Amino acid sequence: MLIEGGDAHHLARSLRARPGEEIAVVDPDGFMLTVRLEVVTPVRVEGAVTAERPHQPEPAARITIAIANLPAAALELALSRCTEAGAHAFVVFQAERSVGRGEKVGRWSTICREAAMLAGRLHVPEVSAATSLGAVLAAFDSVVMLDRDAPRRLAELAEPRDIALVIGPEGGWTERELGLAAVTASLGRRNLRAETAALVALGIALSDRGG
């Protein structure tokens, strides 16, 4: 097995891997490989596969997290944790009360890639940006907008299988934005930070759809 580029550099420099060491490597074809390292350099890592087992960590449901642009630390935490938990994709959009500004799709994608590797996932969520809530709602067939005052709980909405969950900014939705939503759902009466709401909502949606 040959590993090159950024992954080789990460193994050699950050993880300080050494020849003779065994590491776990995810095969995109659906296997977890045990690889005994033979050559380790920052640009090239070579090893022999000594064992393999089936590895299917991806959820059946494709849940997209559409989240209002937040301050960098909060947004990056949401991207990382939701990737680990099984989000299929992300859309970062500019809500009317968004505090975060700018599109850093490259950095966001790197965060998701690192989190996917940590979680042993086969799929790295794609991250895109949208200019408004309206653009997000127009991009998906099935959208659930989170609103603490919604009459139904998210746990009551087990269909359809593939959905986009829309999470607002720390300042909440404006009346105009609330008026755009066809389907809303609540996570309960407690007031959650946006990054917390994203992870809780994802967990509920995946649990309702078989994990």
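So the values come out like this:
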read-out	value
Selection from region 43-56 of residues that are at pLDDT 90 or above, surrounded by 13 or more Cβ atoms within 10 Å (Cβ to Cβ) and either in contact with a helix residue (DSSP H, G or I) (Cβ under 9 Å, 6 or more places away or on another chain) or within 30 Å of Arg161 (Cα to Cα) (or both)	Arg44, Val45
From Val25, Val35, residue being under 30 Å from Arg81 (Cβ atoms), within 23 Å of the chain's Cα centre (by Cα) and open to solvent by less than 40 Å² (accessible area, probe 1.4 Å)	Val25
Cross-chain or 6+ apart pairs with Cβ under 8 Å, region 1-19 first and closer than 10 Å to Thr41 by Cα and in a helix (DSSP H, G or I), then open to solvent by 60 Å² or more (accessible area, probe 1.4 Å) and of a type in the set (Val, Ile, Thr)	Ala8/Val43; His9/Val43
Qualifying residue in region 67-74 (condition: surrounded by 20 or more Cβ atoms within 10 Å (Cβ to Cβ), out of contact with any Lys or Arg (no Cβ under 7 Å at 6 or more places or on another chain) and over 27 Å from Gly168 (Cβ atoms))	no
Options Ala87, Ala66, Ala115; residue that is closer than 19 Å to Gly203 by Cβ, within 21 Å of the chain's Cα centre (by Cα) and assigned to a strand (DSSP E or B)	Ala66
Qualifying residue in region 137-152 (condition: closer than 27 Å to Gly30 by Cα, of a type in the set (Lys, Arg) and part of a loop (DSSP other than H, G, I, E, B))	no
Total residues in region 85-124, condition among the acidic types (Asp, Glu) and either open to solvent by less than 70 Å² (accessible area, probe 1.4 Å) or under 20 Å from Leu137 (Cα atoms) (or both)	2
Residue under evaluation Trp173, criteria (1) within 13 Å of Ala95 (Cα to Cα); (2) open to solvent by less than 60 Å² (accessible area, probe 1.4 Å); (3) not in a loop (DSSP other than H, G, I, E, B), criterion not met	(3)
Tally of residues being open to solvent by 20 Å² or more (accessible area, probe 1.4 Å) and either hydrophobic (A, V, I, L, M, F, W, C) or under 20 Å from the mean Cα position of the chain (by Cα) (or both) across region 133-145	8
Selection count where residues are outside any helix (DSSP H, G or I) and either open to solvent by 50 Å² or more (accessible area, probe 1.4 Å) or free of Cβ contacts under 8 Å to residues at least 40 places away in the same chain (or both), scope region 189-209	5
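The values are calculated or read from the model by the stated rules, or taken from the named source; none is laboratory data. From a predicted model like this one, the values you see are computed outputs, not experimental measurements. Cβ atoms come from the backbone with ideal geometry, glycine included; neighbour counts cover every protein chain shown. Surface areas here come from the heavy atoms of the whole protein model, side chains and all, with no ligands, DNA or RNA. Shrake-Rupley method; radii C 1.70, N 1.55, O 1.52, S 1.80 Å.
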